[in-house]
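The values are calculated or read from the model by the stated rules, or taken from the named source; none is laboratory data. No experiment lies behind these values; they were computed from the predicted model shown. Cβ sites come from the backbone with ideal geometry, for glycine too, and all protein chains shown count toward neighbours. These accessible areas exclude ligands, DNA and RNA; they are computed on the full protein's heavy atoms, side chains included. Shrake-Rupley method; radii C 1.70, N 1.55, O 1.52, S 1.80 Å.
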Amino acid sequence: MMRLDKFLTENEIGSRSQVKEYIKKGMVKVNGVICRQAEFKVDETKDEVMYSDKIIKYKPYLYYMLNKPQGVVTATKDNVDKTVMDLLAVDRKKDLFPVGRLDKDTEGLLLITNDGELGHTLLSPKKHVFKRYYVQCGKEISESDRIALEQGVDIGDEKNTLPAKAVITGSNELELEICEGRFHQVKRMLQAVDNNVTFLKRITFGSLVLDKDLRPGEFRELTDEEVELLRKDIG
Ligand code: URA
């Protein structure tokens, strides 16, 4: 159950003060009856709420893709740095969390949702969801380094990295697709072949592809098709 004005705000009908005005003016109906009380409690799963004679369907889960810029941290709160959540200009932020983590100096695709089950399953080491990164390096990447990155390298953990895909796209750049999410994994993989990362950007996460129209710092909601594809990724 939630207040009617909150329900309308969270469904992006307007700001809290705007929706209160709409309610006062009689523009909002609950189960076919005009309701003029902002504090009226609606059951978002059962009640039919209409604004201006259009049904407002409550979405329990929200999914956003953010093109994370450099300089912000992947956290919900931070005492020092700006967080990815500060960039997400939406009314309904409660329970939203970033799925996985990109380093402060990494750019690119970050999924943010309140769907805990989907989010946590996508990160499960058992699911082997692929993530593709565009990597610029300090030095040229040789063919033998490329093969080593694909086959698995020793990054100082108990086990070598799992098989990956590596495509050289320029003299000092490659696209690396990995199915794990170890701490600083890409940077440590490049270190393992005596190289270093100078720029890192994530371009895919499972079936999800970073929208080319999103500039760093911008975000958009996922389409229903994109959410479906992510569900398929985890089987
Ligand atoms: N690997 C890294 O080293 N850093 C990231 O932000 C993501 C993957």
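Restricting segment 39-52 to residues that are in contact (Cβ under 8 Å) with a residue 24 or more places away in the chain and open to solvent by 20 Å² or more (accessible area, probe 1.4 Å) leaves a set whose member that is farthest from Lys6 (Cα to Cα) is Ser52. So, in segment 9-38, of the ones that are in a helix (DSSP H, G or I) and modelled with pLDDT of 95 or more, which residue ends up surrounded by the most Cβ atoms within 10 Å (Cβ to Cβ)? Among those residues, the one meeting the criterion is Val19.
Restricting attention to segment 83-122, the residues being within 16 Å of the ligand (Cβ to nearest atom) and charged (D, E, K, R) number 5.
From the list Ile155, Ile141, exactly one residue is over 19 Å from Val72 (Cα atoms) and either within 15 Å of the ligand (Cβ to nearest atom) or acidic (Asp, Glu) (or both). Which is it?
After ruling out the rest, the residue left standing is Ile155.
Output the number of residues of segment 70-82 satisfying the condition of being β-branched (Val, Ile, Thr) and away from the ligand (no atom under 16 Å from the Cβ). Qualifying residue count for the region: 2.
Is it true that some residue in segment 218-229 is within 16 Å of the ligand (Cβ to nearest atom) and crowded, with 16+ Cβ neighbours inside 10 Å? No, segment 218-229 contains no residue that is within 16 Å of the ligand (Cβ to nearest atom) and crowded, with 16+ Cβ neighbours inside 10 Å.
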